[in-house]
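Here the structure is laid out as structure tokens; the discussion comes afterwards.
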Amino acid sequence: MQPDPSLDPATLAARFPPDFTWGVATSAFQIEGAVREDGRADSIWDVFCRRPGAIADGSDGALACDHYHRWQEDLDLVARLGVNAYRFSVSWPRVQPQGHGAWNPRGLDFYERLVDGLLQRGIAPHLTLNHWDLPQALQEGGGWAARDTAQRFVDYARGVARRLGDRLRSLTTHNEPFVQAVLGHETGIFAPGLQQRAVALQVAHHLLLSHGMALRALRADGVGCDLGIVLNLAPVQPASESPQDRTRARIEDGRLVRWYMDPLFRGSYPADMLEEFGADAPTVADGDLGLIATPMDFLGVNYYSRSVVGASGAVDPKALGAELTDMGWEVYPGGLTELLLRLHRDYPVPALYVTENGAAFRDECVGGRVDDPARTRYIARHIAAAAQALAAGVPLRGFMVWSLLDNFEWASGYAKRFGIVHVDYASQRRTPKASAAWYRDFLLAMRQRAAA
Ligand code: IFM
């Protein structure tokens with residue numbers, strides 16, 4: 001295949017402003033390991049991993065990438081890429097083991113070392129508070145289905161910000177509330193593994209509510225970094241122009257996109273979805289919607305693929321005839337442009353970041369090298385799609401690749417590799433893949449342009 005000149009690093013770099021944020025992303029449970037060290041307690045994912053059959057390869061987060069011990073080496077890898085941002089998450093049960101009350105100083109110390117280590121390397125820290133690993137102790141009191149968890153989250157947010165807030169570039173409340181609510185409480189394929197739609201919708205409401213409450217508390221405390229939330233979004237397209245397909249696609253768009261975007265940016269749940277959910281719709285107290293719509297500084301978007309929907313549900317991506325990743329997700333870069341344009345058109349979003357984009361492919365480490373042209377192409381094409389949205393006026397401020405390292409891919413275990421750095425789990429040896437070299441070259445081209 002001929003190389004695509006529009007994906008050449010220098011050509012692509014010319015399409016972005018010099019102050020654009022470029023990063024790589026990870027999350028605590030997926031990389032840290034050390035789950036029983038230095039006072040950390042169980043999260044819902046530790047418990048879920050013990051459930052027979054829950055994780056495809058029977059694995060867990062006990063060791064993961066051993067990042068808790070290898071964080072300096074990992075930050076050196078981040079620095080060598082030439083990014084100016086690193087997105088990571090704090091493990092709540094590491095810093096406040098029971099989810100309320102006593103703090104664990106050794107846990108907070110770890111994140112302080114990490115944040116300072118980033119700053120020493122000239123990399124801006126972008127911290128996420130909740131990337132799914134709720135303390136198990138809170139789950140035993142009802143988890144996110146219990147309204148009280150929202151207040152516990154506010155206290156947690158304030159405690160973390162008190163210690164680190166002065167050094168962060170941004171603070172994200174939740175990563176992907178849809179996934180936590182629906183996969184965790186409706187389909188049950190993620191922790192805590194419950195299967196009730198009404199519970200999932202109440203969970204989603206409490207996640208959104210706690211986001212708004214936390215934003216207000218953090219601002220009242222004088223936290224100066226940017227505050228926002230990260231949603232997993234996709235354009236939802238009808239399989240055909242038939243009224244049945246279009247109706248179903250609109251419902252799926254309501255479930256995935258509007259159920260979160262409308263309350264966050266318009267202060268209301270979409271009327272058609274309230275009707276669709278009927279008795280399963282959540283209990284909403286007076287004032288909740290005002291809190292949820294508290295203005296934020298940025299919205300993070302995690303984009304991997306589009307969703308095509310027919311009258312009877314999601315169309316199997318295999319039927320679409322396009323390239324698929326190892327997750328079975330269709331490679332569809334144009335969907336990122338479409339999505340960003342739509343968010344900008346339909347909602348008053350002040351600033352947007354692509355907080356995750358990347359792909360799992362089957363990699364092999366041969367002679368100390370990992371050649372991953374499919375991932376390189378995937379990332380480059382999505383950066384090009386982001387450039388297109390930027391050129392059309394979308395206030396896009398940054399792009400972060402998922403992920404720095406191969407890691408624990410939740411219910412799929414370790415078999416699905418999203419990293420631009422390969423991890424040999426037996427030796428914990430890190431090997432930057434060809435995609436990492438491409439990203440480094442691209443970022444070098446960005447810096448050369450800025451200096452010119
Ligand atoms: O690994 C996950 C991440 O934790 C959240 N967003 C999607 C990624 C790939 O599935």
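Couple of notes before you dig in:
- Sub-6 Å Cβ pairs linking a first residue in segment 14-39 that is away from the ligand (no atom under 16 Å from the Cβ) to a second residue that is polar (S, T, N, Q), at least 6 apart or interchain, are TRP22/ASN84; GLY39/ASN104, ordered by first then second residue.
- Taking each residue of segment 222-233 that is over 13 Å from PRO125 (Cα atoms) and within 14 Å of the ligand (Cβ to nearest atom) and looking for partners that are part of a loop (DSSP other than H, G, I, E, B) and open to solvent by 10 Å² or more (accessible area, probe 1.4 Å) with beta-carbon atoms closer than 9 Å, six or more apart or interchain, yields ILE229/MET296; VAL230/GLU176; LEU231/GLU176; ASN232/GLU176; ASN232/TYR304.
- Here GLY61 clears all of (1) open to solvent by less than 20 Å² (accessible area, probe 1.4 Å); (2) in contact (Cβ under 8 Å) with a residue 40 or more places away in the chain; (3) more than 20 Å from LEU138 (Cα to Cα) except the condition numbered (3).
- Positions within segment 378-403 being in a helix (DSSP H, G or I), in contact with a helix residue (DSSP H, G or I) (Cβ under 7 Å, 6 or more places away or on another chain) and either free of Cβ contacts under 8 Å to residues at least 12 places away in the same chain or open to solvent by 20 Å² or more (accessible area, probe 1.4 Å) (or both), in sequence order: ARG381, GLN388
- Close pairs (7 angstrom Cβ cut-off, 6 or more residues apart or separate chains): closer than 21 Å to ASP245 by Cβ in segment 312-329, away from the ligand (no atom under 16 Å from the Cβ) anywhere: VAL315/ALA239; VAL315/VAL308; VAL315/VAL309; LEU320/VAL308
- Residues located in segment 318-368, provided they are under 30 Å from ALA293 (Cα atoms), in a strand (DSSP E or B) and away from the ligand (no atom under 16 Å from the Cβ): LEU352
A quick yes/no check of all residues on (1) in contact (Cβ under 8 Å) with a residue 60 or more places away in the chain; (2) open to solvent by less than 60 Å² (accessible area, probe 1.4 Å):
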{"site": "ARG51", "(1), (2)": "yes, no"}
{"site": "PHE88", "(1), (2)": "yes, yes"}
{"site": "ARG121", "(1), (2)": "no, no"}
{"site": "GLN139", "(1), (2)": "yes, yes"}
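- Summed over segment 187-202, the residues that are of a type in the set (Val, Ile, Thr) and under 19 Å from ASP46 (Cβ atoms) give a count of 1.
- From PRO135, PRO97, PRO125, residue being open to solvent by less than 10 Å² (accessible area, probe 1.4 Å) and touching a Pro at 6+ places or on another chain (Cβ under 7 Å): PRO135
- Counting only helices (runs of 4 or more DSSP H) that sit completely within segment 1-89, those holding 3 or more residues that are within 19 Å of ARG113 (Cα to Cα) and at pLDDT 95 or above correspond to 28-31, 67-81.
- Segment 304-317 - residue that is small (Gly, Ala, Ser) and either closer than 30 Å to ARG216 by Cβ or crowded, with 20+ Cβ neighbours inside 10 Å (or both) and, of those, farthest from the ligand (Cβ to nearest atom): SER307
- Neighbours by Cβ (under 7 Å, 6+ apart or cross-chain): first from segment 408-425, under 19 Å from VAL370 (Cα atoms); second within 12 Å of the ligand (Cβ to nearest atom) and β-branched (Val, Ile, Thr): ILE420/VAL401
- Set LEU183, LEU164, LEU171: member being surrounded by fewer than 24 Cβ atoms within 10 Å (Cβ to Cβ) and either farther than 19 Å from PHE29 by Cβ or away from the ligand (no atom under 13 Å from the Cβ) (or both): LEU164
- The single condition among (1) among the β-branched types (Val, Ile, Thr); (2) within 16 Å of the ligand (Cβ to nearest atom); (3) in a loop (DSSP other than H, G, I, E, B) that VAL301 does not satisfy is (3).
- The residues of segment 282-303 that are touching a helix residue (DSSP H, G or I) at 6+ places or on another chain (Cβ under 7 Å) and open to solvent by 50 Å² or more (accessible area, probe 1.4 Å), listed by number, are THR283, VAL284.
The values are calculated or read from the model by the stated rules, or taken from the named source; none is laboratory data. Note that the structure is a prediction, hence the values are computed from the model and not measured. Neighbour counts are summed over all protein chains in view; Cβ atoms, including those assigned to glycine, are modelled from backbone coordinates with ideal geometry. Just the protein is used for accessible areas: all its heavy atoms, side chains included, with ligands, DNA and RNA removed. Shrake-Rupley method; radii C 1.70, N 1.55, O 1.52, S 1.80 Å.
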